[in-house]
Amino acid sequence: FTWIKNRDATDSHCLFDSTRGVTKVLHSDTAANEATDADTLKSWTSDGYTVGADVKVNTSSEKYISWNWLAGGGSGSSNTDGSINTTTTTVDADRGVSISTYTGTGSAATIGHGLGVAPRFIIVKDRGATNDWAVYHAGLATDPETDYILLNGTAGSADDSTYWNDTAPTTTLFSIGTNADVNTNTNTYIAYAFADIDGFSRFGSFTGNGNTDGTYVTCGFRPSMLVRRRFDANPSGSWLVKDDVRNPFNDGSIEVLNWNQNSAENAQAESSDGVDFHANGFKLKATNNGSNGAGLKYIYMAWAANPLKYSTAF
């Protein structure tokens, strides 16, 4: 799973995965359907990938970032645990990553993810229609299966049983309702599912305090990549991304990219969107409502550069 963003230009985020195949691109900042572009990601190799000349992935002298996950490798095979058999699923339970394609039925259904534990973060997109990106996140509410939030949107989370059928994910399945974003009859979908892995990944929530001596969140590892999103009370929020490749030091500023915007990277002061990475978690340094507002609610997604607990298994 390779996610590329041009840091210097207002180009869309480009998402690729081996279940859909090379040159098949989706954009997290729009509801646009999947497109085929032979000049984007052309191949995966044993230690990386190759790109073509499309400006979204390879403009001369412009800077890019890519975030990458390994989910078993290859195109995978059908998972038949759910009421809908996936077209293909590739999974790495050790890393807590599962990628599946499936065809909707228009009726409430279940889909096998193969993780062996219940996922805490799921993203679903209709590949062939301009439907929104639906997100399940375990930190959204006391009963998160009743709520959804949009990857390509800015509104807060909302209660709607037609997304996840008001049914929590299990160790083998996640549920979908009848909403077009997740389950239109005969439409094809992509689903990315992530689980907590001790020492490697964590998906949770926190409450802001509106102070530069901000909330501290324990992950059990030093994050390499952190995504934050305010979700309460229609916040006009963004999916703020920090990583230790673009921001290797806790130096008082942050280079901001947003998963739901095509904007070029922009430098923000620590008091605006700042966050420090520490050995076992992260500390908010911002005071604004988008990052650390007093009493406001946020979800987060964090991954470590190197697993701490199971380093010999990877």
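List of remarks:
- Residue within the range 286-293 that is in contact with a strand residue (DSSP E or B) (Cβ under 6 Å, 6 or more places away or on another chain), touching a residue at least 24 places away in the same chain (Cβ under 8 Å), hydroxyl-bearing (Ser, Thr, Tyr) and surrounded by 16 or more Cβ atoms within 10 Å (Cβ to Cβ) present: no
- For residue 113: the one exception among (1) out of contact with any Pro (no Cβ under 8 Å at 6 or more places or on another chain); (2) under 27 Å from residue 200 (Cβ atoms): (1)
- Evaluation of residue 234 against (1) of a type outside the set (D, E, K, R); (2) surrounded by fewer than 20 Cβ atoms within 10 Å (Cβ to Cβ); (3) touching a residue at least 60 places away in the same chain (Cβ under 8 Å); (4) under 25 Å from residue 198 (Cβ atoms) (one fails), failing number: (4)
- Pairs are defined by a Cβ separation below 6 Å, a sequence spacing of at least 6 or placement on different chains, a first member in the range 244-270 that is at negative phi, and a second member that is of a type in the set (Gly, Ala, Ser) and assigned to a loop (DSSP other than H, G, I, E, B); the pairs so defined are 254/274; 258/238; 259/28; 260/238; 262/12; 264/9; 270/252.
- Test: residue in the range 299-310 that is closer than 27 Å to residue 29 by Cα and without any contact (Cβ under 8 Å) to a residue 24 or more places away in the chain: no
- Matching option when the condition is under 15 Å from residue 119 (Cα atoms), open to solvent by 40 Å² or more (accessible area, probe 1.4 Å) and small (Gly, Ala, Ser), among 138, 191, 168: 168
- One residue stands out in the range 171-188 among those that are open to solvent by less than 10 Å² (accessible area, probe 1.4 Å) and β-branched (Val, Ile, Thr): the one that is nearest to residue 142 (Cα to Cα), namely 176.
- The set of residues in the range 231-253 that are under 15 Å from residue 300 (Cβ atoms) and part of a strand (DSSP E or B) comprises 240, 241, 242, 243.
- Screening residue 154 against (1) within 25 Å of residue 290 (Cβ to Cβ); (2) touching a Phe, Trp or Tyr at 6+ places or on another chain (Cβ under 9 Å) leaves a single unmet condition, (2).
- Meets criteria (open to solvent by 40 Å² or more (accessible area, probe 1.4 Å) and either in a loop (DSSP other than H, G, I, E, B) or touching a Pro at 6+ places or on another chain (Cβ under 9 Å) (or both)) for residue 39: yes
- Among the conditions (1) in a strand (DSSP E or B); (2) free of Cβ contacts under 8 Å to residues at least 60 places away in the same chain; (3) open to solvent by less than 20 Å² (accessible area, probe 1.4 Å); (4) more than 23 Å from residue 102 (Cα to Cα), the only one that residue 25 does not satisfy is (4).
- Here the condition is being assigned to a loop (DSSP other than H, G, I, E, B) and buried (at least 17 other Cβ atoms within 10 Å of the Cβ); of 82, 106, it holds for 82 alone.
- Residue ID - farthest from residue 142 (Cα to Cα), chosen from residues in the range 200-209 that are open to solvent by less than 30 Å² (accessible area, probe 1.4 Å) and touching a Ser or Thr at 6+ places or on another chain (Cβ under 8 Å): 208
- In the range 141-165, the residues that are in contact with a strand residue (DSSP E or B) (Cβ under 9 Å, 6 or more places away or on another chain), under 23 Å from residue 27 (Cβ atoms), among the small types (Gly, Ala, Ser) and surrounded by fewer than 23 Cβ atoms within 10 Å (Cβ to Cβ): 155, 156, 158
- Of the strands (runs of 3 or more DSSP E) lying entirely inside the range 155-230, not one is found with 3 or more residues being of a type in the set (Val, Ile, Thr) and more than 15 Å from residue 121 (Cβ to Cβ).
The values are calculated or read from the model by the stated rules, or taken from the named source; none is laboratory data. Keep in mind it's a predicted model, so treat the numbers as computed, not measured. Cβ: placed from backbone, ideal geometry, glycine included. Neighbour counts: every protein chain shown. Ligands, DNA and RNA are stripped out before the accessible areas are found, and what is left, the full protein with its side chains, is counted by its heavy atoms. Shrake-Rupley method; radii C 1.70, N 1.55, O 1.52, S 1.80 Å.
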